[in-house]
Structures are given as structure tokens and as C-alpha cells.
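Laboratory data are not the source of any read-out in this text; all were calculated from the coordinates shown. Remember, predicted model here, so these are calculated numbers, not experimental data. Every residue, glycine among them, receives a Cβ derived from its backbone with ideal geometry; neighbour counts consider all protein chains shown.
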Amino acid sequence: MKKELEFRKTYLFVVALNALQVISILTLLLLVHYESSASLDWMEALYLTLIGAVSLVGCISTILGIAPLSRADRQIRMLVDTLKDLNELNHEIRAQRHDFLNHIQVVYSLIELEEYAEAHSYLERVYGDIQSISRVLRTAHPAVNAILQAKSDMCEKRGIQLELDISSPLTDLPVPSWEFCRVLGNLIDNAIYALEKEGPAGRRRIRVALREDLRHYYFEVENNGPPIPQKLWRQIFEPGFTTKGDEGEGMGLAICREIVTGYRGELEVESNEERTVFSGMVPRSVISEAENDSSEKKASP
């Protein structure tokens with residue numbers, strides 16, 4: 001079985017290797033400069049200088065050229081996660097559809113036997129299962145519905161109540177579904193971690209809200225876990241900063257803000273003893289920075 005390519009390690013290795021080459025070439029050029037008058041004629045010095053300069057340009061070009069691949073790798077991983085969530089949601093919906101006829105037959109038989117109380121109890125259980133799926137199918141984006149279902153199942157297994165307050169189908173959301181899923185997924189995962197680590201002894205709760213107005217789409221992820229000190233409100237969005245110790249990489253919130261601001265949006269946090277809320281917004285019609293750069297390049301002669 002082939003090992004999966006770990007792009008991040010490969011990227012860091014290539015950058016480190018080329019950085020060492022740059023240092024070596026600069027050292028060579030300095031030696032040529034200081035030794036040329038003593039032991040080298042001008043032709044040899046010029047030749048070595050040209051070789052060093054060409055090599056230096058090649059190393060720098062390699063580093064600059066591989067940088068965009070890091071973003072592409074991140075996008076591919078987001079797409080893979082989204083497809084996984086979609087597959088799980090599709091499996092649950094198909095399972096419910098398969099069982100629906102059986103449920104009808106059971107209820108019909110109970111009514112024929114005049115077991116009305118049992119029929120009522122059975123319908124309540126079935127309705128609860130159906131409602132758990134139906135409550136996430138409220139947006140126009142299957143991927144967003146899938147991530148909400150996946151996180152709902154995750155919360156249920158951990159004894160956390162996930163409340164969904166969805167008043168917008170996000171029909172014309174300018175952020176691609178798979179990128180928006182990354183934002184929601186990271187924010188919900190952080191809320192789950194906070195509640196599991198130092199959550200209240202009683203009811204642990206996460207609320208996800210999606211809404212819109214004439215100009216913006218809004219989203220919120222709220223939890224009743226421990227407060228985040230105000231002095232850290234800016235730091236938590238910086239790459240590499242984490243409050244999870246060895247368990248975190250410090251990239252989740254940084255990526256969330258990068259995605260949201262890339263579509264001219266904002267992502268902020270407010271926290272107190274009662275609740276912590278990550279709230280964000282994006283304008284209804286925007287062009288991402290990447291798309292804008294691409295359009296400018298195409299327009300330029």
C-alpha cells in the first residue's frame with residue numbers, strides 16, 4: 001500500500017533545502033569577491049559569480065513557486081473532509097428512507113391491534129430520528145448540511161447539546177461550501193474541546209446560528225465553556241498560537257480568519273464567564289482575493 005504524500009513535510013523540506021543552498025551560494029559569492037584579487041583572475045571570478053547568481057535565482061524561484069501549492073494542498077484536504085461528511089449524511093438519509101416503509105408497517109400493525117399507546121410511543125421515537133436529520137437540511141448547500149450533521153453526531157456522543165438556529169438558506173453565499181465548512185468545522189471543534197476540557201458540570205451547550213440581511217451573511221458559534229481572557233482575543237487568530245498545548249497546532253483559527261477575510265469578511269470573538277461567541281460575516285456579493293488577483297492578471301496585457 002502506497003504511503004500518502006504528506007505535502008506539508010515535503011514543502012518544509014524543499015524550503016529548508018533551498019534555503020541552505022541560498023546560504024551556500026551567498027557564502028561562495030563572498031569568497032569569490034574577497035579572493036578574486038589574490039588567487040583568481042577576473043574571468044574565473046566572473047564565471048563563478050555568474051554560476052552563483054543563476055543558482056541563487058533558481059533557489060528563490062523554487063521557494064516562491066512551491067508556496068501556492070501549500071494553499072492547493074489545504075484546499076484538497078478540505079474537499080476530502082467535505083466529501084466524507086457528505087457521504088455520511090447521504091448514508092444516514094438512505095438508511096432512513098430504507099426503514100421508512102418498515103416503520104409504517106409496524107405502526108399500522110399496532111393500530112390494527114389497538115395498541116395505541118405503543119403506536120404513539122413508537123412514532124415518537126421514529127419522529128425523533130427523522131427530526132435529527134431534518135433540522136440540518138435547512139441550507140441550500142449539501143456540504144454545509146453535512147458538516148452540521150457530522151458535528152451534531154459528535155456532540156451527541158460527547159453529551160453536548162448542539163442547538164441550530166438557521167434562518168438563512170445561504171443561497172448565494174460567496175464562500176465556496178467546502179471553505180465555509182472548514183470555518184464552521186474548526187469553530188465547532190474548538191467549542192467541543194473547550195467544553196470537554198473545562199466545561200460546566202451541568203448542561204454543556206453549543207449554539208450555531210446562520211442568518212442574513214440585505215447586505216451580509218452572518219454566522220455564530222457559541223458555547224458556555226470557560227472564558228477566553230481578553231488579552232488573548234487577538235493572539236488566538238495568529239498562526240501557531242494555541243491554548244491546547246501539545247494537542248493543538250495553532251492553525252485552525254488562523255485559517256478560519258484567512259478564509260473569511262479572503263472574501264472581504266470579518267471574524268471576531270467575545271468571551272465572558274457565561275459564554276464565548278465566535279461571530280463572523282461576509283458580504284453577499286464579493287470576489288475572493290485569489291479570484292481578484294487572477295482577474296487582474298488576465299486583464300493585464
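The table that follows gives values for the structure above.
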item	result
Length added when fully stretched, LEU123-ALA53, from 0.36 nm per residue minus Cα-Cα	17.5 nm
Estimated FRET transfer efficiency (VAL80, GLU268; beta-carbon r; R0 35 Å; 0.05)	0.75
Virtual paramagnetic centre 7 Å along Cα→Cβ of PHE241, amide N under 12 Å, in segment 254-269	254, 269
Fraction of beta bridges assigned by DSSP in segment 124-224 that are antiparallel (%, nearest 5)	55 percent
Neighbourhood charge, 10 Å Cβ-Cβ cut-off, centred on GLY159 and excluding it, Lys, Arg +1 and Asp, Glu -1	+2
